[in-house]
Amino acid sequence: MIDLRLLREDPDRVRASQRARGEDVALVDALLSADERRRSSGVRFDELRSEQRALGKLIPKASGDEKAELLKKTGQLAAHVKAADAEQHEADEETKRLALQLGNLVHPDVPVGGEEDFVVLETHGTIRDFAAEGFEPKDHLELGEALGAIDVERGAKVSGSRFYYLTGVGALLELALVNAAIAQATEAGFIPMLTPALVRPRAMEGTGFLGQAAENVYHLEKDDFYLVGTSEVPLAAYHMDEILDADKLPLRYAGFSPCFRREAGTYGKDTRGIFRVHQFDKVEMFSYVLPEDAENEHQRLLDWEKQWLTALELPFQVIDVASGDLGSSASRKFDCEAWIPTQGKYRELTSASNCDSFQARRLSVRLRDGKKVQPLATLNGTLCAVPRTIVAILENHQLPDGSVRVPEVLRPYLGGREFLTPVAK
C-alpha cells in the first residue's frame with residue numbers, strides 16, 4: 001500500500017507508475033476521490049460529535065421548555081451523527097479497497113516495458129562449448145532419469161502434471177542445496193526459519209499476492225487458508241501488527257518452505273521435466289530495514305545471490321526486470337538467470353525485490369525511532385529455488401558418460417561425492 005499523503009501531493013507520479021506497470025491509471029483518480037470523501041466525512045463526523053457533546057453538557061443545566069428543546073435537538077443530532085459515522089465508515093472501506101488494488105511505486109531507474117524489455121546488468125561465468133568437447137548435451141530430465149534422481153511419470157500418476165518425485169541422489173541433492181544455502185545465509189547473519197505453508201487471508205493480501213497474482217494461488221475454501229507460493233509471505237507477516245525498535249534493524253531471516261503455485265497462464269510452457277512445477281522447496285531471504293537503507297539492502301541481497309550461483313559454478317546473467325513484469329509489491333527487482341544449455345538461453349533462478357514500505361503498510365509493521373513511529377521497508381530475495389537449481393546443475397555440469405560433476409560447495413553435504421553417476425538398469 002502506498003502512502004496516501006504522497007498520492008495527494010504527487011498524483012502524477014502515481015499515474016506514471018501505474019502506466020509503466022501497464023495497470024489501470026483511472027484507479028488513481030478513483031482513489032483520490034475516495035480519500036477526499038473519507039477525509040471530509042471524517043471532519044463532518046468530528047464536528048457533529050463535538051456539537052453533540054456540547055449539547056450534552058447544557059441539558060443538565062436547563063429546565064422546562066428550554067430542556068425539552070435541547071432534548072429534541074439532541075435526538076435530531078444523534079441521527080445526523082449516526083449517518084455521518086456510517087458515511088465515514090463507507091468512505092474509509094472504499095479507500096482501503098481501492099488502495100489495495102494499487103501497485104507499489106515503480107523505481108525511476110526501472111526499464112519501462114513488458115517481460116522481454118529487461119536490461120542486462122552483468123554476465124558471469126563461461127558458457128560451455130559442448131560441440132568443442134565433442135558431445136551433445138542432454139536435458140535435465142534425461143540426465144535425472146539416468147541418475148535415478150527424477151521421476152515425473154509417477155509424479156503425474158499420483159498428483160497430475162507438473163508434479164514429480166526426487167529419488168535417490170536427487171533427494172540427496174535437494175538436501176545438499178538446502179543445507180548449503182542455509183549455511184551461506186547463516187554465515188551472512190540471517191536467522192534460519194522453518195515457516196508455515198498455510199496462512200490466513202490477511203498475510204497473503206498483505207504481501208500483495210491476492211491482486212494480479214491471485215490466479216496462481218491455491219485457496220483452501222473450507223478453512224479459508226492459502227498455500228504459500230513463497231516463504232516471503234509468512235516471513236513478511238511474522239512481525240505483522242508490531243512496532244520494532246530502530247536499533248534492532250536490520251532483521252534478516254532465511255526461510256525454508258514448500259511452495260505451491262498454480263502456474264496459471266503457462267499452459268504448454270516448460271512442461272518437460274521439473275523447471276516449472278506446482279510444488280517445490282525454496283530458501284528465501286527476507287529483510288526488515290530502515291527505509292533509507294532499502295536500496296543498499298537490495299544490492300546486498302543481489303550480492304548474496306551472486307555469491308551462491310558463483311559457488312555452484314553456474315554461468316548466469318543479472319537483469320533489471322522491466323516495469324510490467326515486477327509484481328505489485330516490488331518497486332524494483334533484479335533477477336539472476338542461469339544458462340540452460342539445452343534451451344540455449346538464460347532462465348530465472350533467483351530474484352531480489354525491494355518493496356520499500358509497501359508491504360509494511362499493508363501488514364502494519366512499523367519501526368520506532370525515538371518518539372517517531374513509521375513504516376519500515378521490506379525486501380526479499382530467492383537464494384535457492386530447488387528444482388530450477390537442480391536443472392541448471394545437471395545440465396551445466398554433465399559429462400559425456402551421463403554423469404554429473406558435483407560443485408565443490410555441495411560435496412560436504414553429499415558425503416564427499418565428486419560425481420553423480422547413472423544407476424544400473
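The values are calculated or read from the model by the stated rules, or taken from the named source; none is laboratory data. The structure presented is a predicted model; accordingly, all values stated were derived computationally and were not measured. As a convention, Cβ positions derive from the backbone with ideal geometry for all residues, glycine included, and neighbour counts pool all protein chains shown.
Hey, Glu313 hits all of (1) outside any helix (DSSP H, G or I); (2) modelled with pLDDT of 95 or more; (3) of a type outside the set (Ser, Thr, Tyr); (4) in contact with a strand residue (DSSP E or B) (Cβ under 8 Å, 6 or more places away or on another chain) but one; which does it fall short on?
Glu313 satisfies all of (1) outside any helix (DSSP H, G or I); (2) modelled with pLDDT of 95 or more; (3) of a type outside the set (Ser, Thr, Tyr); (4) in contact with a strand residue (DSSP E or B) (Cβ under 8 Å, 6 or more places away or on another chain) except (4).
Kindly indicate the residue of segment 244-282 that is in contact with a Gly (Cβ under 7 Å, 6 or more places away or on another chain) and under 21 Å from Ile340 (Cβ atoms) and also surrounded by the most Cβ atoms within 10 Å (Cβ to Cβ) among those meeting that condition.
So, considering only residues that are in contact with a Gly (Cβ under 7 Å, 6 or more places away or on another chain) and under 21 Å from Ile340 (Cβ atoms), the one surrounded by the most Cβ atoms within 10 Å (Cβ to Cβ) is Cys259.
Which number in (1) surrounded by fewer than 20 Cβ atoms within 10 Å (Cβ to Cβ); (2) not in a strand (DSSP E or B); (3) not acidic (Asp, Glu) marks the one condition that Arg347 misses?
Tallying (1) surrounded by fewer than 20 Cβ atoms within 10 Å (Cβ to Cβ); (2) not in a strand (DSSP E or B); (3) not acidic (Asp, Glu), Arg347 fails exactly one: (2).
Could you run through segment 316-334 and say how many residues are buried (at least 20 other Cβ atoms within 10 Å of the Cβ) and assigned to a loop (DSSP other than H, G, I, E, B)?
Count: 7.
Out of the residues in segment 240-286 that are over 14 Å from Phe163 (Cβ atoms), aliphatic (A, V, I, L, M) and assigned to a loop (DSSP other than H, G, I, E, B), state the one that is nearest to the chain's Cα centre (by Cα).
Met240
What helices (runs of 4 or more DSSP H) lie completely within segment 105-197 and have 2 or more residues being among the basic types (Lys, Arg) and exposed (fewer than 15 other Cβ atoms within 10 Å of the Cβ)?
So the answer is 152-159.
Only residues in segment 28-55 that are touching a residue at least 60 places away in the same chain (Cβ under 8 Å) count as the first member; pair them with residues that are among the hydroxyl-bearing types (Ser, Thr, Tyr) and part of a helix (DSSP H, G or I), Cβ under 8 angstrom, at least 6 apart or cross-chain, and list the lot.
Every condition considered, the pairs that remain are Leu31/Thr95; Ala34/Thr95; Asp35/Thr95.
Look at segment 198-239 and say how many of its residues are in a strand (DSSP E or B) and of a type in the set (A, V, I, L, M). Spell out the reasoning first.
Going through segment 198-239, the residues in a strand (DSSP E or B) turn out to be 198-199, 218-220, 225-227.
From what's left, of a type in the set (A, V, I, L, M): 198-199, 220, 227.
Final tally of qualifying residues: 4.
Of the conditions (1) at pLDDT 80 or above; (2) charged (D, E, K, R); (3) over 29 Å from the mean Cα position of the chain (by Cα), Asp29 clears all except one; give me its number.
Exception for Asp29: condition (3).
Do we find that Arg262 is farther than 23 Å from Arg202 by Cβ, among the charged types (D, E, K, R) and touching an Asp or Glu at 6+ places or on another chain (Cβ under 8 Å) in this structure? It would help to see each step written out before you state the result.
Working: farther than 23 Å from Arg202 by Cβ: no; among the charged types (D, E, K, R): yes; touching an Asp or Glu at 6+ places or on another chain (Cβ under 8 Å): yes.
The answer is no for Arg262.
Only residues that are at pLDDT 95 or above, over 19 Å from Lys306 (Cβ atoms) and part of a strand (DSSP E or B): list them for segment 374-388, please.
Ala377, Thr378
Checking Glu337 against (1) in contact (Cβ under 8 Å) with a residue 24 or more places away in the chain; (2) buried (at least 21 other Cβ atoms within 10 Å of the Cβ): exactly one of these is not met. Which one?
(1)
Going by what's in this entry, would Phe358 be described as of a type in the set (Phe, Trp, Tyr), in the same structural domain as Asp247 (by TED's automatic domain parsing) and within 16 Å of the chain's Cα centre (by Cα)? Even if it seems obvious, please write down each step before you answer.
On the way: of a type in the set (Phe, Trp, Tyr): yes; in the same structural domain as Asp247 (by TED's automatic domain parsing): yes; within 16 Å of the chain's Cα centre (by Cα): yes.
Spelling it out, Phe358 is indeed of a type in the set (Phe, Trp, Tyr), in the same structural domain as Asp247 (by TED's automatic domain parsing) and within 16 Å of the chain's Cα centre (by Cα).
Based on what the data block shows, is Phe209 assigned by TED's automatic domain parsing to the domain that holds Arg362, touching a Gly at 6+ places or on another chain (Cβ under 7 Å) and among the hydrophobic types (A, V, I, L, M, F, W, C)?
Details: assigned by TED's automatic domain parsing to the domain that holds Arg362: yes; touching a Gly at 6+ places or on another chain (Cβ under 7 Å): yes; among the hydrophobic types (A, V, I, L, M, F, W, C): yes.
Criteria met by Phe209.
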